[in-house]
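Asks: Input: one structure, supplied below.
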Amino acid sequence: MSKASLRKHLSKFFSDPELKRWFDPLKVDVSSDEKRVCVAFPHAFFGDWFDTHARSRFEAEVARFLGPGFLVRYENSAGIGNRPQHLAMKPAQSVNFPFGHQFTLDNFLVNRKNSFPIASAREVATKGNSTYSPFVICGEAGSGKTHLLRAVANEISKSCGIERIFSGSVEDMNQLYASRFRNDPHKARNHLGAFDYLFVDDLQQIRNHPDLQQELILIFNALHDRRKQMVFSCTGRLSSYDFLDPKLKSRLEWGLIVHLEAPDLDIRVRYIQQQLKLRKLQLNQEQILTLSQRFTDFRFLQGILLKLFAFKELMNRDIREREFEQILSHTEDVTKPALTPEAVLKAVADHFKLPVKDVTGSRRHQEVVMARQMAMYLCRKLLGSSYPALGRLFGGKDHSTVLYAVKKIKELQQDDPDMKRLLISLREKCLSQEEI
C-alpha cells in the first residue's frame, strides 16, 4: 500500500485542504508483512499539533482501510536529537478498533446537556484504575449508550490487549453460558471473572434471564476484589429497575452513574452536518433543519441519511430538491411528528384569541406584537430556527427584528413570574400538539 492509496481513501472523509494541511507533510511507510505503519513528522511541533487535532480520526480511518491489527509508529523525521527535550517520542499505537471503528470518544457529539457523562467516560477510559468502577451509563433508546460504552472499550484497548477485555450484551453473556460452556456456570463464571475489563451492554435484558443475576453478582465480586474496571449500560434509569436483585442493584450503585440525554435539535443538526461532510454530500440549511426536526429518533435519522448517501452514490451526483422531497415522502416514519412552526403559531394564536395571520403579519396593536414576539421566542427555543428563517416565517421581517423580539421575551420572563408561567404553559401546549 502506498501513501497515495491511503490518501485516496482519506479523501472520502476529509476535504482536500485538510489533507494538504496535515496529511501531505507526513512521511508514511507501510509494511504489510509486518503489519506496521511508520508516520514521520517534518518536525516535533507538527507532531504535537497532529496529536491534538488529527490523530484519532487518522487512526480510525487507517483501521477502516487496512483492517485490524496494524501498528502505527510516530517519529520525527528530523531526528530525535533535534527534538526539544520536553517532547517525547510518540509511542507505537495499535490502530485496531476491536469494538467498531465508528465508536470513538472524539466522534461522540456532545453539548452542555451531556458534558458530564462524556467527561466521565473519558476519565474512565484514560484513568488506568478502577476509581469509577462500576461506571453505569443510563439513557433512553437512541441516546448513544452503546456508542459510549464501546468507545471507552476501544480507548482502553489501545493500552492493553483485547484478550483482557470482555464486551457484550446480557444476551451475549447468556449465550456464553448456554453454548460455549454448556451450562457449566462455574467455568463461565471463572472465564468472565478473569478479565481485567468487563463491558456489559443492555443491562435491562437481564430481566429475561433471572439466573444471570446471581452469576453477575459473583462475577462483580471477583472483579471488584481485584480492583478491575466494569462498565454497564441500561435503558431508562437504574433506580426504576424493580426486577433487579437488591444485592446486584446496590453493587451497581457503588460506582458512578451517569444519564445521557437524548440527542436534541442541536446535536441532530451537528450530526447531520458531520455525516454530510464525511460523505461529501451537499444539502442546504433548510434541508438539514427539515431532517433534524422530522427525525427525532436518532436511529431513524441514521437510516434516512443512509438512504440519501446511497442515492448520491448510485446517481453519482448531489440530490436535487424534488428528489430530496420524494425520498422523505417515501420514508416510513413511525416516530411521532416533529414539532413544526405552524404548531407553535397555532398554540400562541389560540391563547391570545387571534388569527394566525395577525401573529405573522404587521399589525402593531400591543397584544398582537406581544403574541408575535412570544411566538418568535418559542420557535427559536423549541425548534432552534435561525433568525433569517424566522424572519421569513413572520412575513419577511428582518432578522434583527426577530433577534430583538427573542431577547426581549427572554429578559421579560426573568423579571416577570406571570410571563414565565405563561411561556411554560404555551410550551406545553406546543408539545402536546406534537404528540397528537
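The values are calculated or read from the model by the stated rules, or taken from the named source; none is laboratory data. As the structure is a computational prediction, the values presented were derived from the model and not from experiment. Positions of Cβ are generated from backbone atoms using ideal geometry, with glycine treated the same way; all protein chains shown enter the neighbour counts. Side chains are part of the model used for accessible areas, which takes the heavy atoms of the whole protein and leaves out ligands, DNA and RNA. Shrake-Rupley method; radii C 1.70, N 1.55, O 1.52, S 1.80 Å.
Asks: Please compute the modelled spin-label separation between Gln282 and Ser11, points set 7 Å along Cα→Cβ, answer in nm with one decimal.
Replies: 1.8 nm
Asks: Let me ask you something else. Roughly how many nanometres apart are two label points built 7 Å out from the Cα toward the Cβ at Thr131 and Asp245?
Replies: Spacing of the two 7 Å Cα→Cβ label points: 3.1 nm.
Asks: If you don't mind, there's one more thing I want to ask. Contour minus end-to-end for Ala119 and His330, with contour as 0.36 nm per residue of separation and end-to-end as the Cα-Cα distance?
Replies: 72.0 nm
Asks: What is the spin-label model distance, in nm, from Ala178 to His351 if the labels are put 7 Å beyond Cα along the C-beta direction?
Replies: With each label placed 7 Å out from Cα toward Cβ, I get 5.3 nm.
Asks: Okay, next question. So how strong a dipole does the stretch 23-66 carry about its Cα centre when Lys and Arg Cβ are +1 and Asp and Glu Cβ are -1, to the nearest 20 debye?
Replies: Using Cβ point charges on Lys, Arg, Asp and Glu, the stretch 23-66 gives about 100 debye.
Asks: What angle do you read, to the nearest 10 degrees and between 0 and 90, between the alpha-carbon axis of helix 298-315 and the longest principal axis of the chain?
Replies: So the helix axis and the longest Cα principal axis differ by about 90 degrees.
Asks: So, with a 1.4 angstrom probe, what is the percent of accessible area on the stretch 107-167 that is carbon and sulfur?
Replies: Here carbon and sulfur together make up 48 percent of the probe-accessible area.
Asks: OK, next. At 1.4 Å probe radius, can you tell me the per residue accessible area of the chain in Å²?
Replies: Dividing the accessible area of the chain by its residue count gives 52 Å².
Asks: Can you bin every Cα-Cα distance in the chain into 20 Å intervals starting at zero and give me the percent of pairs per bin, rounded to whole numbers?
Replies: Reading the bins upward from 0: 20, 44, 31, 5.
Asks: Then there's this: In the stretch 231-317, with Lys and Arg counted as +1 and Asp and Glu as -1 at Cβ, which of these residues, Phe232, Val258, Thr290, has the Cα nearest the positive end of the dipole, that is, farthest along it?
Replies: Thr290
Asks: Then there's this: Only Lys, Arg, Asp and Glu count, each charged at its Cβ (+1, +1, -1, -1), so figure out the dipole size of the stretch 130-263 about its Cα centre, rounded to 20 debye.
Replies: Taking the Cα centre of the stretch 130-263 as origin, the dipole is about 360 debye.
Asks: Further, regarding this structure: Per residue Cα convex hull volume for the stretch 178-321, in cubic angstrom?
Replies: 169 Å³
Asks: Read phi for every residue in the stretch 187-198 and hand back ³J(HN,Hα) as whole Hz from Karplus 6.51 cos²θ - 1.76 cosθ + 1.60, θ = phi - 60°, with x for Gly and Pro.
Replies: Once θ is set to phi - 60°, the couplings for the stretch 187-198 become 5, 4, 5, 5, 4, 6, x, 8, 6, 8, 9, 10 Hz.
Asks: Oh, and also: Of the options Leu431, Ala194, Phe14, report the single residue whose Cα projects farthest towards the positive end of the charge dipole of the chain (beta-carbon charges: Lys, Arg +1; Asp, Glu -1).
Replies: After comparing all options, I get Phe14.
Asks: Counting Lys and Arg as +1 and Asp and Glu as -1, each charge on the Cβ, what is the dipole of the chain about the Cα centre in debye, to the nearest 20?
Replies: The dipole of the chain has a size of about 820 debye.
Asks: Using the alpha-carbon atoms, what tilt in degrees (0 to 90, nearest 10) does helix 44-53 show relative to the longest principal axis of the chain?
Replies: The two axes meet at around 60 degrees.
Asks: Could you pull out every residue, at least 5 positions away or on a different chain, whose amide H is within less than 5 Å of the one on Trp254? Hs are placed 1.01 Å off N in the peptide plane, and Pro or chain starts have none.
Replies: none
Asks: Here's another thing I want to ask about it. Just the number, please: carbon plus sulfur as a percent of the accessible area of the stretch 178-249, 1.4 Å probe, no ligands or DNA/RNA counted.
Replies: The C+S portion of the solvent-accessible surface of the stretch 178-249 is 45 percent.
Asks: Separate question: Cut-off 10 angstrom, C-alpha nodes, Gaussian network model of the chain. Which of Leu223, Leu314, Leu422 fluctuates the most?
Replies: Leu314
Asks: What percent of all Cα-Cα pairs in the stretch 193-242 falls in each 5 Å bin, counting up from 0?
Replies: Going from the shortest bin to the longest, the percentages are 5, 18, 27, 26, 17, 6, 0.
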